[in-house]
Amino acid sequence: MYGWLFRHLPGPLWFRILLSAVLIAAAVLALMEYVFPWLAETSFLPSLTDSTIGGS
Amino acid sequence: MAVQVAGELLITLGIILALFVAWQLWWTNIDSNRAQQKAIDGLFEGFDLPAAPAPASSPQDFGEPVVMDPLSEEGETFAVVYVPRFGEDYAAPVTSGVGTAVLDNLGLGHYPATAMPGAVGNFAVAGHRQTHGKALDPIHTLVPGDHIYVQTAQGYYDYVYRNTQIVLPDRVDVLAPVPTDPAAVPSERFLTLTSCNPRFGSQERIIAYALLDSWQPLSAGPPAAVADVVAANASGGR
């Protein structure tokens, strides 16, 4: 899958390596900034770090 | 081919799970620390600090502590907590409310309906032990006699740490005006910190109690032990 993707990126080899790095960085950033906060918010996971007494 | 794609997807999933752990334990701290510093900066703009810090004179008695009015709205930052034991540049804002919106972004949250800083009763505050700025991570390092300073627009309240208790999460009596004795009428001024226990879990709560020792108005300058970090905050950021 990733091999197929890499072969179908445009440009010379150095450009494709650079482009892959940028794409991976963008994916990580999207996860950190949007996906994970959303996941923690809608949490099906019990809170790992609830620090309050009673309630919540 | 299908096996290869499935394998790559599983590897990807594994990497994403590892990234999620990294996000929880590390990334959330970066976001929260930035938000906390911003909250402190905003709070300091409203403080009437003396232009030149007063010299660290001998302790003076300023009488009964002046106490601010209770806040009705959640999400208002009204105090800064300094704990030299947690590091000489340790400063954490206190915001009304203990919902996730407060605790996940702004450090410490004040339990509604508990006393305000310096008041007779129990000034109770919650903070994360891990993730989201982990404001109370080193709570277990407190030693009896350690000072916990709370700064509001009124002044500095100097609490002295006394003891720690580990309880189950349903023990709301630790928030009582006299902690763990809900029927008692308070005559002393408590500070109670609550956080999760163990450090990377939340099966229990760790509770730290402190008692008010002294008080001084903002105009008297900060206590010597926190003068540097107060000055750093006053000049905008550490």
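The values are calculated or read from the model by the stated rules, or taken from the named source; none is laboratory data. None of these values were measured; they are calculated from a predicted model. Here the Cβ is made from the backbone with ideal geometry for all residues, glycine too, and neighbour counts use every protein chain on show. Just so you know, the surface numbers come from the protein's heavy atoms only, side chains and all, with ligands and any DNA or RNA stripped out. Shrake-Rupley method; radii C 1.70, N 1.55, O 1.52, S 1.80 Å.
Each of the peptides B:33-40, B:68-75 was scored by the mean count of other Cβ atoms within 10 Å over its residues; in descending order, highest first, they stand as B:33-40, B:68-75. Taking amide H atoms as placed 1.01 Å from N in the peptide plane, the amide H of B:ASP213 lies under 5 Å from those of B:ASP158, B:TYR159, B:VAL160, each 5 or more residues away in sequence or on another chain. Each residue of segment B:124-138 was assigned a 3J(HN,Hα) from its phi angle through the Karplus expression (A = 6.51, B = -1.76, C = 1.60, θ = phi - 60°), giving 10, 9, 10, x, 5, 8, 9, 6, 6, x, 5, 4, 10, 3, x Hz with x at Gly and Pro. Picking from B:LEU49, B:LEU193, B:LEU218, whose Cα lies most toward the positive end of the charge dipole for the protein assembly as shown (charges on Cβ: Lys, Arg +1; Asp, Glu -1)? Ranked along the dipole, the leading option is B:LEU193.
Here the sum of -39500 (n - 2.57) over DSSP H runs of 4 or more residues, divided by the residues of chain B, equals -7000 deg cm²/dmol at 222 nm, to the nearest 500. Within chain B, helices built from complete DSSP H runs that reach 27 Å or longer along their own axis (Cα positions) and carry a mean Kyte-Doolittle hydropathy of 1.6 or higher are B:2-22. Take the alpha carbon gyration tensor of chain B, find the square roots of its eigenvalues, order them as a ≥ b ≥ c, and report rounded if a/c is under 1.5; if not, report prolate when a/b exceeds b/c, else oblate. The shape class here is prolate. Near the amide H of B:ASN197, within less than 5 Å, lie the amide hydrogens of B:GLN203, B:GLU204, B:ARG205, B:ILE206, all on another chain or at least 5 residues away, with H placed in the peptide plane.
Ranked by the mean number of other Cβ atoms within 10 Å per residue, highest first, peptides A:7-17, B:206-216 order as B:206-216, A:7-17.
Within the set of other residues whose C-beta is less than 15 Å from the C-beta of B:MET68, count the net charge using Lys and Arg as +1 and Asp and Glu as -1.
My count for the surroundings of B:MET68 gives -4.
Mean partner shielding of peptide B:133-146, defined as the number of other chain Cβ atoms within 10 Å of each residue Cβ, is 0. Phi angles of segment B:219-225 translate, via the Karplus equation with coefficients 6.51, -1.76, 1.60 and θ = phi - 60°, into HN-Hα couplings of 5, 7, x, x, x, 3, 5 Hz per residue; Gly and Pro are given as x. With contacts taken as Cα pairs under 8 Å and at least 6 residues apart, chain B reaches a relative contact order of 21 percent. For segment A:2-41, the Kirkwood estimate of hydrodynamic radius, built from reciprocal distances between every pair of different alpha carbons, is 11.4 Å. Overall, the accessible surface of segment B:14-172 at a probe of 1.4 angstrom is composed of carbon and sulfur to the extent of 57 percent. Considering only B:ALA18, B:ALA227, B:PRO169, whose Cα is most displaced toward the positive end of the charge dipole of chain B, charges sitting on Cβ of Lys, Arg (+1) and Asp, Glu (-1)? Comparing the listed Cα positions along the dipole, B:ALA18 ranks first.
For the segment B:108-114, counting C-beta atoms of other chains within 10 Å of every residue's C-beta and taking the mean gives 1.
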